[in-house]
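The values are calculated or read from the model by the stated rules, or taken from the named source; none is laboratory data. Model, not experiment: these values are computed from the prediction. Don't worry about glycine lacking a Cβ; one is built from the backbone with ideal geometry, like all the others, and counts go over all protein chains shown.
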Amino acid sequence: MNYANLSWKEIESLPKDTLFFLTIGPMEAHGPHLPLSTDFLIAKKVEEKVIKILEERNEKCFSLPSLPIGTCKYLKDFPGTISISWKILYKMLVNIFKELSKNDFKYVIICNFHMDFFHLKAIHKAIKKARKFGLIACEPISIYYFKGELFEKMEGEIHADIKETSLALYLFPEKVKDYKIKDFKIKIGLFNALKNFKEIASEAYIGSPSKASPEYGKKLFEKIVSKCLEAINILRDGKKLEMPFKLKILLEI
């Protein structure tokens, strides 16, 4: 159900263990073939599917108004990309969490498919802050991604690649333009990582989108959904799902 359609009386009467979902994702260049909203749309489709499954199990779930924003440090120089400061995103999330906690609500699942380190820093620092006022939030997709439990390892598939293009072909094919484009692969080491993305990938993609298929996208999507459901079970059991230790140190979380 949609949070925005409820009255304050209905909000007041909700069980305190109601599960709230919040989708986040910026407008960011994804090659010449995918829409700026790719990360946002994938995350939103995950949210919708997970809520549908939970509601079929008679669990109380609500979709908060989505945030089509985020931090895009690496692709900010491409036309169309809209990047906000990670500190602004952090403060926004902390404020949302505080408002929910005023009504003694406990759980928020953040659906996010954007892996920019500064974007993740904002989200996970806000999650850590939320614990101080009694709210437990979780952003599972990036955690499983960096633990290597989400996708099979594919050398050179980094952005607007076979994975994202396949997901798009399965979830919103009408928005995909000609993806039969030349494969572009480059090894990202420390030297390249410090460069602007536009310097190393002038078309805003790294990988082989031409090899994408809706069948592969379906497989990937089902894996993401299953890992989100797994994370919710962990959350309900009172356990924490956290980023790998080295990444937490890097992001100063």
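Counting only helices (runs of 4 or more DSSP H) wholly contained in the range 136-253, no element carries 3 or more residues that are under 20 Å from ILE24 (Cβ atoms) and of a type in the set (Asp, Glu).
Restricting the range 64-84 to residues that are small (Gly, Ala, Ser) and touching a Lys or Arg at 6+ places or on another chain (Cβ under 9 Å) leaves a set whose member that is nearest to PHE172 (Cα to Cα) is SER66. Restricting attention to the range 11-46 and to residues that are buried (at least 24 other Cβ atoms within 10 Å of the Cβ) and charged (D, E, K, R), the residue that is farthest from the chain's Cα centre (by Cα) turns out to be GLU28.
Look at the range 223-240: where a residue is within 18 Å of GLU55 (Cβ to Cβ) and a partner is of a type outside the set (A, V, I, L, M, F, W, C), sitting 6+ places away or on another chain with Cβ atoms under 6 Å, you get VAL225/LYS49; CYS228/PRO140; ALA231/PRO140. From the list LYS246, LYS198, the one residue that fits, being in contact (Cβ under 8 Å) with a residue 40 or more places away in the chain, among the basic types (Lys, Arg) and under 25 Å from LEU75 (Cβ atoms), is LYS198. Within the range 195-219, the set of residues being touching a helix residue (DSSP H, G or I) at 6+ places or on another chain (Cβ under 6 Å) and either crowded, with 22+ Cβ neighbours inside 10 Å or of a type outside the set (S, T, N, Q) (or both) comprises ILE200, GLY207, PRO209, LYS211, ALA212, PRO214, TYR216, GLY217, LYS218. Pairing each residue of the range 28-39 that is under 20 Å from LEU67 (Cα atoms) and in contact (Cβ under 8 Å) with a residue 60 or more places away in the chain with any residue that is among the basic types (Lys, Arg) and part of a loop (DSSP other than H, G, I, E, B), provided the two are 6+ apart or on different chains, yields C-beta distances under 8 Å for LEU34/LYS177. Out of LYS98, LYS125, one residue alone is more than 19 Å from ALA4 (Cβ to Cβ), at pLDDT 95 or above, touching a helix residue (DSSP H, G or I) at 6+ places or on another chain (Cβ under 7 Å) and surrounded by fewer than 21 Cβ atoms within 10 Å (Cβ to Cβ). It is LYS125. There is no residue in the range 63-82 that is in a helix (DSSP H, G or I) and buried (at least 18 other Cβ atoms within 10 Å of the Cβ). Restricting TYR205, TYR216 to those that are under 23 Å from SER166 (Cα atoms) and in contact with a strand residue (DSSP E or B) (Cβ under 7 Å, 6 or more places away or on another chain) reduces the list to TYR205.
The set of residues from the range 91-135 being aromatic (Phe, Trp, Tyr) and in a strand (DSSP E or B) comprises just one member, TYR107.
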